[in-house]
1. Take ARG51 and decide whether it is surrounded by fewer than 22 Cβ atoms within 10 Å (Cβ to Cβ), closer than 20 Å to LEU119 by Cα, basic (Lys, Arg) and within 12 Å of ligand 2 (Cβ to nearest atom).
2. Test ASP192 against the stated conditions and say whether it is closer than 17 Å to THR29 by Cβ, touching a helix residue (DSSP H, G or I) at 6+ places or on another chain (Cβ under 9 Å) and among the acidic types (Asp, Glu).
3. From the residues in the range 126-160 that are more than 16 Å from ligand 1 (Cβ to nearest atom) and under 20 Å from LYS187 (Cβ atoms), which one is surrounded by the fewest Cβ atoms within 10 Å (Cβ to Cβ)?
4. Would you be able to tell me the number of residues in the range 19-35 that are of a type outside the set (Asp, Glu), within 17 Å of the chain's Cα centre (by Cα) and either farther than 16 Å from ALA185 by Cα or outside any strand (DSSP E or B) (or both)?
5. Which residue, of GLY53, GLY73, is at pLDDT 90 or above and over 23 Å from ILE133 (Cβ atoms)?
6. Please go through the range 66-101 and pick out each residue that is without any contact (Cβ under 8 Å) to a residue 60 or more places away in the chain, of a type outside the set (A, V, I, L, M) and within 27 Å of ASP2 (Cα to Cα).
7. What are the residues in the range 183-194 that are free of Cβ contacts under 8 Å to residues at least 60 places away in the same chain and under 16 Å from the mean Cα position of the chain (by Cα), if any?
8. If you scan the range 149-182, which residues turn out to be on the phi > 0 side of the Ramachandran plot and more than 18 Å from the chain's Cα centre (by Cα)?
Amino acid sequence: MDSRKIFSGPIDFLKSAPGLEFLPEPDFTEIAFAGRSNVGKSSLINALTNRNGLARASNTPGRTQELNFFDVGNPPLFRIVDMPGYGFAKAPPATVKKWRYLVNDYLRGRQVLKRAFLLIDCRRGVGEVDRDIMKMMDEAAVSYRIVITKADKVKASELEKVKTAIIAEIAKHPAAFPEISVTSAEKKGGIDELRDAVLEAVST
Ligand SMILES: Nc1nc2c(ncn2[C@@H]2O[C@H](COP(=O)(O)OP(=O)(O)O)[C@@H](O)[C@H]2O)c(=O)[nH]1
Ligand SMILES: [Mg+2]
């Protein structure tokens, strides 16, 4: 599969699922993107799919508490799932609880989910809220790959430190993929490699 071709071909928003009853039929392989609010998830999905505004890059963190599904290819080869962001400071407990139920149920019950890509801002590293979802994925046996975002924001030496720390961290997590990706949506760094990593996950 030529990843550049696939990601410049048709990619269409399918639906939003604010609850499990709204999930699409599990007819295609799914690849999910997760990360704390403001990690750069919308920007990265837009860079990956080579279009602006597919995933809304919003400045109001935590507004979307939904799973968003996109068909890649027509007919679809697989689906991208934009998972709701987490870890925003002022979320009411009821919102956090709703997020946990939705994400946990999706992770545990979704046979077609092949891999999640868990985004980590290089300036923040892995935090408690990230460990929370890593644990959920470990327990659900959902394979996940760590993707560093906003790599343009730090010096190369700083980036190396963050990578080393993350690689040490994931060694403790059974479902974590041993390799990580480094990206900058802003400078389009690591995007082709991420496309390859997505297709590799699809064909696993
Ligand atoms: N410097 C830099 N800023 C980025 C990058 N990706 C996203 N941002 C910025 O980070 C903020 C949050 O991005 P967004 O994609 O909306 O994050 P989301 O909440 O995870 O969907 C926005 O102000 C983006 O412009 C990147 O690769 N480099
Ligand atoms: Mg977003």
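The values are calculated or read from the model by the stated rules, or taken from the named source; none is laboratory data. All values reported here derive from a predicted model rather than from experimental measurement. In this analysis, Cβ positions are derived from the backbone assuming ideal geometry, glycine residues included, and neighbour counts consider all displayed protein chains.
1. On the way: surrounded by fewer than 22 Cβ atoms within 10 Å (Cβ to Cβ): yes; closer than 20 Å to LEU119 by Cα: yes; basic (Lys, Arg): yes; within 12 Å of ligand 2 (Cβ to nearest atom): no.
In short, no.
2. Criteria not met by ASP192.
3. SER157
4. As a first pass, look at the range 19-35 and keep what is of a type outside the set (Asp, Glu): 19-20, 22-24, 26, 28-29, 31-35.
With within 17 Å of the chain's Cα centre (by Cα) added as a condition, the list becomes 29, 31-35.
In the following step, the residues that additionally are either farther than 16 Å from ALA185 by Cα or outside any strand (DSSP E or B) (or both) were identified as 29, 31-32.
Result for the range 19-35: 3.
5. Selected residue: GLY73, the only one of GLY53, GLY73 that is at pLDDT 90 or above and over 23 Å from ILE133 (Cβ atoms).
6. As a first pass, look at the range 66-101 and keep what is without any contact (Cβ under 8 Å) to a residue 60 or more places away in the chain: 66-70, 75-76, 81-101.
With of a type outside the set (A, V, I, L, M) added as a condition, the list becomes 66, 68-70, 75-76, 82, 84-88, 90, 92-93, 95, 97-101.
Within the range 66-101, ASN68, PHE69, PHE70, PRO75, PRO76, ASP82 meet the criteria.
7. Hits for the range 183-194 are SER184, GLY190, GLU193.
8. The answer is none; no residue qualifies.
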